[in-house]
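As structure tokens, the structure follows; a few thoughts come after it.
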Amino acid sequence: TFTASENVRIETSPIAISAQSATANLGISQILTNTGSEPVVTDGVAAVLDEAGTIVGKASFDPQRLLPGERLPFRAEYSAELKAGRYRMLASFQYEAKVITNSTDFTVP
């Protein structure tokens, strides 16, 4: 993506988790907003950590282009079934040699 300046910034919303079920995978969603004055292409990965902090799985977000001022949801699914317990979700997005990471805790009953 062509840019004329280095004014590239992304802001994130809290991570939203949709529970896994017998018919649906665990869903991960986060809204990203381009608060800079240049377009940016970003992609990301989500990691699922167990209570001990060990990575038990990953899911990828598809790359998307964000124009200045644009807000888009980035979604991914974790296809493996998680056992009952407490987990932490980390979502990291990379753009223009920068990385932004957020986390949220969730429980699988």
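The values are calculated or read from the model by the stated rules, or taken from the named source; none is laboratory data. Given the structure is predicted, the values throughout are model-derived calculations rather than measurements. Here the Cβ is made from the backbone with ideal geometry for all residues, glycine too, and neighbour counts use every protein chain on show. Surface accessibility is based on the protein's heavy atoms, side chains included, excluding ligands, DNA and RNA. Shrake-Rupley method; radii C 1.70, N 1.55, O 1.52, S 1.80 Å.
Of note:
- Close Cβ contacts (under 7 Å, 6 or more residues apart or on different chains) running from residues in region 1-30 that are of a type in the set (Lys, Arg) to residues that are modelled with pLDDT of 90 or more comprise Arg9/Thr35; Arg9/Gly36.
- Meets criteria (open to solvent by 60 Å² or more (accessible area, probe 1.4 Å), under 18 Å from Arg9 (Cα atoms) and among the polar types (S, T, N, Q)) for Gln30: no
- Qualifying residue in region 41-48 (condition: out of contact with any Cys (no Cβ under 6 Å at 6 or more places or on another chain), at pLDDT 95 or above and more than 17 Å from Lys98 (Cα to Cα)): yes
- Residue list for region 27-57, restricted to those being under 11 Å from the mean Cα position of the chain (by Cα) and of a type outside the set (A, V, I, L, M, F, W, C): Gly27, Ser29, Gln30, Thr42, Asp43, Gly44
Condition check ((1) farther than 22 Å from Thr107 by Cβ; (2) part of a loop (DSSP other than H, G, I, E, B); (3) among the aromatic types (Phe, Trp, Tyr)) across all residues:
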| site | (1), (2), (3) |
| --- | --- |
| Pro14 | no, yes, no |
| Thr23 | no, yes, no |
| Gly44 | yes, no, no |
| Gly53 | no, yes, no |
| Ala80 | no, yes, no |
| Met89 | no, no, no |
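- Residue that is surrounded by the fewest Cβ atoms within 10 Å (Cβ to Cβ), among those in region 10-27 that are more than 27 Å from Ala97 (Cα to Cα) and among the hydroxyl-bearing types (Ser, Thr, Tyr): Thr23
- Within region 97-109, residues that are within 13 Å of Ala46 (Cβ to Cβ) sit with their Cβ atoms under 6 Å from residues that are part of a loop (DSSP other than H, G, I, E, B), at 6+ positions apart or across chains, in these pairs: Asn102/Ile15; Thr104/Ile15.
- Just so you know, in region 70-82 the residues that are closer than 17 Å to Ala24 by Cβ and of a type in the set (D, E, K, R) include one that is nearest to the chain's Cα centre (by Cα), and it is Arg75.
- Restricting region 60-80 to residues that are modelled with pLDDT of 95 or more and loosely packed, with under 11 Cβ neighbours inside 10 Å leaves a set whose member that is farthest from Val48 (Cα to Cα) is Gly69.
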